[in-house]
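K.L.:
The structure that follows is given in the form of structure tokens.
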Amino acid sequence: DFEGQKLVERIIHYALIELAVFSFFVGFLFQSIKVTLVVFGLGASAVLGLIIPPWPVFNQHPVTWLPRKETKEKQQ
């Protein structure tokens with residue numbers, strides 16, 4: 001649903017920004033770009049692992065479609 005997509009987009013947006021800042025400070029603390037990239041990669045993998053499965057919280061507003069119309073060809 002569209003509300004679930006909006007929620008996922010917000011979660012990913014804020015989580016990746018916070019993760020980038022956190023990994024920068026950890027890498028700065030250790031003076032290593034490798035530590036920065038590893039922390040960011042592991043964190044991004046964790047975020048994606050939580051977002052990709054179709055959890056029920058992301059499908060609370062399902063889209064209801066219009067009923068199918070029968071055509072004249074099928075009625076004969």
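The values are calculated or read from the model by the stated rules, or taken from the named source; none is laboratory data. What you see is a predicted model, and the numbers here were worked out from it, not measured in a lab. Using ideal geometry, Cβ is built from the backbone for each residue, glycine included, and neighbour counts are taken over all protein chains shown. To get the accessible areas, we keep the full protein, side chains included, count just its heavy atoms, and leave off ligands, DNA and RNA. Shrake-Rupley method; radii C 1.70, N 1.55, O 1.52, S 1.80 Å.
K.L.:
For the chain, which GluC sites (Glu not before Pro) pass both filters: DSSP loop (anything but H, G, I, E, B) and at most 16 other C-beta atoms within 10 Å?
P.N.:
Details: sites: 3, 9, 18, 70, 73; in loops: 70.
In loop regions of the chain (DSSP not H, G, I, E or B), the sparsely surrounded GluC sites (Glu not before Pro) are 70.
K.L.:
Compute the long axis of helix 2-30 from its Cα atoms, compare it with the longest principal axis of the Cα atoms of the chain, and write down the angle in degrees, 0 to 90, nearest 10.
P.N.:
For 2-30 against the chain, the angle is about 10 degrees.
K.L.:
So what's the angle, to the nearest 10 degrees on a 0 to 90 scale, between helix 33-51 and the longest Cα principal axis of the chain?
P.N.:
Computed tilt is about 20 degrees.
K.L.:
Here's another thing I want to ask about it. Please go through the chain and write out the chymotrypsin sites (Phe, Trp or Tyr not before Pro) that DSSP classes as loop and that have at most 12 other C-beta atoms within 10 Å.
P.N.:
Values: sites: 2, 14, 22, 24, 25, 28, 30, 40, 58, 65; in loops: 65.
Those satisfying the criteria are 65.
K.L.:
Loop-only trypsin sites (Lys or Arg not before Pro) in the chain, please: DSSP not H, G, I, E or B, and at most 10 other Cβ atoms within 10 Å. Provide the component values of the computation, followed by the final result.
P.N.:
Details: sites: 6, 10, 34, 68, 69, 72, 74; in loops: 68, 69.
Answer in residue order: 68, 69.
K.L.:
Per residue, how much accessible area does the chain have with a 1.4 Å probe, in Å²? Let's see the in-between values first.
P.N.:
Working: 6840 Å² over 76 residues.
Computed with neighbouring chains in place, this is 90 Å² per residue.
K.L.:
Moving on. Taking the alpha carbon gyration tensor of the chain, what are the square roots of 5 times its eigenvalues, largest first, to the nearest whole Å? Walk me through the numbers before you get to the answer.
P.N.:
Values: eigenvalues 417, 27, 15 Å².
After diagonalising the Cα gyration tensor, the semi-axes are 46, 12, 9 Å.
K.L.:
Return the carbon/sulfur percentage of the accessible area of the stretch 1-50, one whole number, probe 1.4 Å, all protein chains in place. Provide the component values of the computation, followed by the final result.
P.N.:
Numbers: 2880 of 3810 Å².
The value for the stretch 1-50 is 76 percent carbon and sulfur by accessible area.
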